[in-house]
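The values are calculated or read from the model by the stated rules, or taken from the named source; none is laboratory data. Quick caveat, the model's predicted, so the values are computed rather than measured. Note that each Cβ is placed from the backbone with ideal geometry, even for glycine, and that neighbours are counted across all protein chains shown. These accessible areas exclude ligands, DNA and RNA; they are computed on the full protein's heavy atoms, side chains included. Shrake-Rupley method; radii C 1.70, N 1.55, O 1.52, S 1.80 Å.
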Amino acid sequence: MPARLKKLPLTIFQRFFRTETVGGLVLLGFGLAALAFANSPLSEAYNHVWKIPLTLGIAPHELSLNLHDWINDGLMAVFFLLVGLEIKRELLAGELSSAQQAALPIACAIGGMVVPAVIYLIFNLRGQGAHGWGIPMATDIAFALGALNLIAPRAPIGAKVLLTALAIVDDMGAVLVISIFYSQAIVWSALGGAAVTLLVLIGFNLIGIRRLWPYLLGGVALWLFVHGSGVHATIAGVALAFTIPTHTRINAVEFSREARSLLDDFNRTETGDLLVLTSKGQQEALFSLQRASKGVTAPVLRLEQALHNFSAFVVMPLFAFANAGVKIDLSVQHIEIGLGVLAGLVFGKPVGIMMAALIAVKMGIARLPQAVSWRSLFGYACLAGIGFTMSLFVAMLAFADSTLVDAAKRGIIVGSLVAGVAGAVLLRMSSVLRDDK
């Protein structure tokens, strides 16, 4: 039993890692498609389609946004809900659940956020670009893990877990930055409605509601209030995530006892033809086992599992397709913004991560994962400079002027590409040096 339990978290992580890897490849494909459309004769049609208005609701309670805003404000709330669920799981039972486990990824994430922001501000201390300091702070978890799997498929599990935990802490920082620094003027009545809705959702949790649909309905109301409050609507997704229950209807001991009894019933009612369809007793045992399995699975895990593929293969690709389309030209207009983002991602991320890791390890509050050397850690730190999705998102919140956004997008795309190539070269060199010993 202990060995089986010990293996379970690794299996869950491997499933998560595999989804993020494939999702990263899909994301790359849609990002390249957006670039192709934006630089083709179809660019005008590509830009026009995102401006198509779409109205939902029943008069007079209607909400009208264009297609671009529905993706960025609506669908991305699903992505942020998943981010919140992942953060909650990591805090409760993952790599961030104890001080010893969390020390290194937290330190690396903080260094990897502060230094890129400082480097960006060196290029944009004054002028219109100053507000974009949050752009190079983010790591794109899907792209980073996808790149790692392609470059170093045999990378030690400790490195993969570190990069994942670092990216999740990074997401926490991005959520705080967006909610505090990139929100509009606050509409207090709407924010009050959001607070009341959040209290109702917390109440659902406290009184023991384990079904997900009341939380999801409340989440829609929460999103509407937050959308009208001036705080960016996607923050509603993170807030909703922290109200989803982690307690189960039955505990592990009860499930184990009930499952053994049901499996005994299943074996006892075998008819001899090895077909479950012909045995009513086996069918009832299976359905009961399914209900018991659902009862022992925490709602937070059920929702995370349900959203993971939708986010990876629908939300993120649509976001990339809607936002990565930027005209590739030799324009030097607002070049300081692009250079600040590029330098922040390519140099700021690895330097910040390595400095923070070195300080944390030397102070004795953290240690490197097994089989991860300082040389290979530098390669993983470079991969953390792939900022794509979240960086694009922050860029559109930071700037209202489309020329500023396009300058930031160019820096994000080039910077993420250079960071990925640098990480690949360093990890390949680290692998060759290790094989030669």
Inset, instruction - Output yes when any residue across the range 358-365 is in contact with a Phe, Trp or Tyr (Cβ under 8 Å, 6 or more places away or on another chain) and surrounded by 21 or more Cβ atoms within 10 Å (Cβ to Cβ), and no when none is. - result: no
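Looking only at the range 323-336, how many residues end up being open to solvent by 10 Å² or more (accessible area, probe 1.4 Å) and small (Gly, Ala, Ser)?
Residues in the range 323-336 being open to solvent by 10 Å² or more (accessible area, probe 1.4 Å) and small (Gly, Ala, Ser): 2 in total.
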Legend entry - Hey, Phe79 closer than 30 Å to Pro53 by Cβ and in contact (Cβ under 8 Å) with a residue 60 or more places away in the chain or not: yes
Legend entry - Residue ID - farthest from Ala239 (Cα to Cα), chosen from residues in the range 153-177 that are under 11 Å from the mean Cα position of the chain (by Cα) and of a type outside the set (A, V, I, L, M): Thr164
Inset, instruction - Check Leu339 against each of (1) touching a Phe, Trp or Tyr at 6+ places or on another chain (Cβ under 8 Å); (2) at pLDDT below 80; (3) open to solvent by 10 Å² or more (accessible area, probe 1.4 Å) and name the one condition it does not meet. - result: (2)
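Can you report the number of residues in the range 191-213 which are open to solvent by less than 40 Å² (accessible area, probe 1.4 Å), within 26 Å of the chain's Cα centre (by Cα) and either at positive phi or among the β-branched types (Val, Ile, Thr) (or both)?
1
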Inset, instruction - Taking Arg410 as the residue in question, decide whether it is of a type outside the set (A, V, I, L, M, F, W, C), over 30 Å from Ser183 (Cα atoms) and not in a loop (DSSP other than H, G, I, E, B). - result: no
Legend entry - Matching option when the condition is touching a residue at least 24 places away in the same chain (Cβ under 8 Å), of a type in the set (Gly, Ala, Ser), in a loop (DSSP other than H, G, I, E, B) and open to solvent by less than 70 Å² (accessible area, probe 1.4 Å), among Gly385, Gly352: Gly385
Inset, instruction - Might you let me know whether the range 6-23 holds any residue that is modelled with pLDDT under 75, among the charged types (D, E, K, R), part of a helix (DSSP H, G or I) and surrounded by fewer than 12 Cβ atoms within 10 Å (Cβ to Cβ)? - result: yes
